[in-house]
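Colleague: Starting off with a structure, shown below.
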Amino acid sequence: MYFGEFNERKGEIVSGIIQKCDTGAVILGLGKLEGIMPLKEQIPTEKYKMNDKIKAYVLDVVKGSKGAPQVIVSRSAGDFVKKLFEFEIPEIYEGLIEVKSVARDPGNRCKVAVHAQNENIDPVGSCVGQKGVRIQNIINELNGEKIDVIEWNEDPSIFIASSLLPAKVMAVDVNEEEKSARVIVPDNELSLAIGKAGQNARLAARLTGWKIDIKSETQFRELLSKMQEEAENEEEKGEE
């Protein structure tokens, strides 16, 4: 009976009291059952304490070695953020805005792509809320994890440019066959576009599903100059 009850709650958020947190996995009391949050499903920057009440996402329900159901929960999954957006933003819950994709570095940064079919709805503004109240509630639940809300676009060049926010993008050249893109940014925006330890570029690539190669304007000009030089050399060889 308990197995069936929680099996139906896969993909939902549950609240539980921490009962054990000294063996790697965190054990949550979920009423009649226990929730198990393995190390890989925890947010690395969080410290878990006994008797704290926390929320988690139900990943799976499995039968344990003694036949009792075990509820596997997560706080690091991208779907946990997606579900939090659903809770905090009525337009998402009602289906007016869709969360298209989520890319996370749990505990540090998260990028969320949203889209509204109705042109009169501002999907990013709706998610951020007046004075940032809505998004701040989600950030608080994630203990300060930074969240970039990005408008999804069916045009990959526009979507890729937006995904690299807060960096400004000059141009995007996409290769549909290879699903790769070369992005040109101003010289002073290169480090921002790539991000600390490549985080911004990595999250943008995961969010869009495209390979992204970022070049500064100077690097791009140098590359063009080199390619032109090589082409001229080949032409001269051909004439000989």
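The values are calculated or read from the model by the stated rules, or taken from the named source; none is laboratory data. Everything numeric here is computed off the predicted structure, so don't read it as measured data. Positions of Cβ are backbone-derived with ideal geometry, glycine not excepted, and every protein chain shown enters the neighbour counts.
Colleague: Is there a residue in the range 209-220 that is aromatic (Phe, Trp, Tyr), at pLDDT below 95 and outside the structural domain of GLU145 (by TED's automatic domain parsing)? Walk me through it before giving the result.
Modeller: First, the residues of the range 209-220 that are aromatic (Phe, Trp, Tyr): 210, 220.
Subset that is at pLDDT below 95: 220.
Then keep just the ones that are outside the structural domain of GLU145 (by TED's automatic domain parsing); that gives 220.
Checked the range 209-220: at least one residue is aromatic (Phe, Trp, Tyr), at pLDDT below 95 and outside the structural domain of GLU145 (by TED's automatic domain parsing).
Colleague: Further question: Scan LYS55, LYS49, LYS40 and give me the residue that is modelled with pLDDT of 90 or more, part of a loop (DSSP other than H, G, I, E, B) and not assigned by TED's automatic domain parsing to the domain that holds GLU86.
Modeller: Values: LYS55 fails: part of a loop (DSSP other than H, G, I, E, B); LYS40 fails: part of a loop (DSSP other than H, G, I, E, B).
Checking each option against the conditions leaves just LYS49.
Colleague: Additional query: Could you count how many residues in the range 163-193 are surrounded by fewer than 20 Cβ atoms within 10 Å (Cβ to Cβ) and either of a type in the set (D, E, K, R) or in contact (Cβ under 8 Å) with a residue 40 or more places away in the chain (or both)?
Modeller: So the count comes out to 10.
Colleague: Consider LYS53 against the criteria (1) of a type in the set (D, E, K, R); (2) under 25 Å from CYS110 (Cα atoms); (3) surrounded by 14 or more Cβ atoms within 10 Å (Cβ to Cβ): it satisfies all of them except one. Which criterion is unmet?
Modeller: LYS53 satisfies every listed condition except (3).
Colleague: Further, regarding this structure: Restrict the check to the range 59-71 and report whether at least one residue is within 27 Å of ILE150 (Cα to Cα) and at pLDDT below 95. Lay out the reasoning, then the answer.
Modeller: Of all residues in the range 59-71, those within 27 Å of ILE150 (Cα to Cα) come to 59.
This time we only want the ones that are at pLDDT below 95, so: 59.
Yes: the range 59-71 contains one or more residues that are within 27 Å of ILE150 (Cα to Cα) and at pLDDT below 95.
Colleague: How many residues are out of contact with any Asp or Glu (no Cβ under 8 Å at 6 or more places or on another chain) and either in a strand (DSSP E or B) or modelled with pLDDT of 90 or more (or both) when one looks only at the range 3-37?
Modeller: First, the residues of the range 3-37 that are out of contact with any Asp or Glu (no Cβ under 8 Å at 6 or more places or on another chain): 3-9, 12-16, 20-26, 29-37.
Add one more test, that the residue is either in a strand (DSSP E or B) or modelled with pLDDT of 90 or more (or both), and what stays is 12-16, 20-23, 25-26, 29-30, 33-37.
Looking only at that region, the number is 18.
Colleague: What is the residue count in the range 132-162 for residues that are charged (D, E, K, R) and more than 30 Å from ILE184 (Cβ to Cβ)?
Modeller: Here is the first cut: in the range 132-162, the ones charged (D, E, K, R) are 134, 141, 145-146, 148, 151, 154-155.
This time we only want the ones that are more than 30 Å from ILE184 (Cβ to Cβ), so: 134, 141.
Number of matching residues: 2.
Colleague: Keeping to the range 92-105, report how many residues are surrounded by 20 or more Cβ atoms within 10 Å (Cβ to Cβ) and assigned to a helix (DSSP H, G or I).
Modeller: 1
Colleague: If a residue counts only when it is under 30 Å from SER15 (Cβ atoms), which helices (runs of 4 or more DSSP H) contained entirely in the range 139-215 have at least 1 such residues?
Modeller: Numbers: elements: 156-163, 190-194, 199-208.
Where helices (runs of 4 or more DSSP H) fall fully within the range 139-215 and carry at least 1 residues being under 30 Å from SER15 (Cβ atoms), they are 199-208.
Colleague: On the given criteria, is LYS196 of a type outside the set (Val, Ile, Thr), under 18 Å from PRO106 (Cα atoms) and surrounded by fewer than 20 Cβ atoms within 10 Å (Cβ to Cβ)? Spell out the reasoning first.
Modeller: Working: of a type outside the set (Val, Ile, Thr): yes; under 18 Å from PRO106 (Cα atoms): yes; surrounded by fewer than 20 Cβ atoms within 10 Å (Cβ to Cβ): yes.
Yes; evaluated as a whole, the condition is true for this residue.
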